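The values are calculated or read from the model by the stated rules, or taken from the named source; none is laboratory data. Since we're looking at a predicted model, the values are computed, not measured. Note: ideal-geometry Cβ built from the backbone for every residue, glycine included; neighbour counts use all protein chains shown.
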Amino acid sequence: MNTSAPDNAMRAVARRKLSIPAPVRQAAAVREALRHTIYKPIPERPGLPGKAADVEQVIRDHAQALHLHDLTHRAATQFSDEADLRYAAAVANAVPDWITGLQKEFTTLVGVITEAAAQLPAEVRADRVNWNDAAVSAPYQRAEGAAVQLDQLVSDRNDIARAGGHDGGTDNALYAIAHLPEPTAEAVMAGRWKELSPTLNQWRDLKRQPVARWVHLVRSPDVALSLATPGQVRERAATVQSWRDAEVTRLHGGSITSALHRVERSLAA
């Protein structure tokens, strides 16, 4: 069994100094004890006795030690998959609480970005910042520092989340940190998706500009920022798909009354 996902999650948990629940500690200890048994070194060969009468017994004792080592190794290996599965399950069960444990730091850093964004120009690009103007350069540097920390935190969140199941879906990197409001028939009929979809598009376009990307998110009034578990990522993706499906229904729904009924059925599906 590949245990890289839970092992990577545990390294992220250690970096973030998150508490490790008892079931995880116990499963890790069992797995470590098993590995210690599996990889126990081969017994060293004893020295050759000086008396001929002792040779046979020394060889017999060493042969028994080698045989026991071989049998123990083979037997311990048979427990390996069970130990790995138990460990992976314990880590996966702890994922939601660990992600929740990251939320406070995430919210604090987002607050730093939000405060800095209020002092930055509409277009946020490092190559266009006037570094001689402290009124702009200072908030940009604060936003940059927070963006670096946020990206590191989100990377650790992703390592933890992978131990609990794949986030899945298009734009999962966005849904891991942000979500849009649930669509309503009234909002769909008012054409709100035309205002929401550019938010997603611009976030994709800013992939290589982390400061501008975070500033874009905190400035987007319809985007709520919070870390998500893998299940919540899929829920957020489903929300966006509901917006898209309802918008298509609206555009092809005929009269306003007919379109409204079709949109309502689409959202209720």
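Side notes on the structure shown:
- Considering the range 240-269, the residues that are among the polar types (S, T, N, Q) and surrounded by 15 or more Cβ atoms within 10 Å (Cβ to Cβ) include one that is farthest from the chain's Cα centre (by Cα), namely Thr249.
- Scope the range 205-256; condition part of a helix (DSSP H, G or I) and closer than 18 Å to Ala122 by Cα; matching residues: Asp205, Pro210, Val211, Ala212, Arg213, Trp214, Val215, His216, Leu217, Val218, Arg219
- The residues of the range 154-176 that are over 14 Å from Pro96 (Cα atoms) and in a loop (DSSP other than H, G, I, E, B), listed by number, are Gly168, Gly169, Thr170, Asp171.
- Residue match in the range 197-215 (condition: at positive phi and assigned by TED's automatic domain parsing to the domain that holds Thr257): no
- Breaking point among (1) touching an Asp or Glu at 6+ places or on another chain (Cβ under 6 Å); (2) outside the structural domain of Arg213 (by TED's automatic domain parsing), for Ala116: (1)
- Of all residues in the range 116-174 being at pLDDT below 85 and in contact with a Pro (Cβ under 7 Å, 6 or more places away or on another chain), the one that is surrounded by the most Cβ atoms within 10 Å (Cβ to Cβ): Asp167
- Every condition in (1) touching an Asp or Glu at 6+ places or on another chain (Cβ under 8 Å); (2) free of Cβ contacts under 8 Å to residues at least 12 places away in the same chain holds for Ala185 except the one numbered (2).
- Taking residues in the range 99-110 that are closer than 15 Å to Ser19 by Cα, and partners anywhere that are of a type in the set (Gly, Ala, Ser), the pairs with Cβ atoms closer than 7 Å and at least 6 places apart or on different chains are Ile99/Ala161; Gln103/Ser226.
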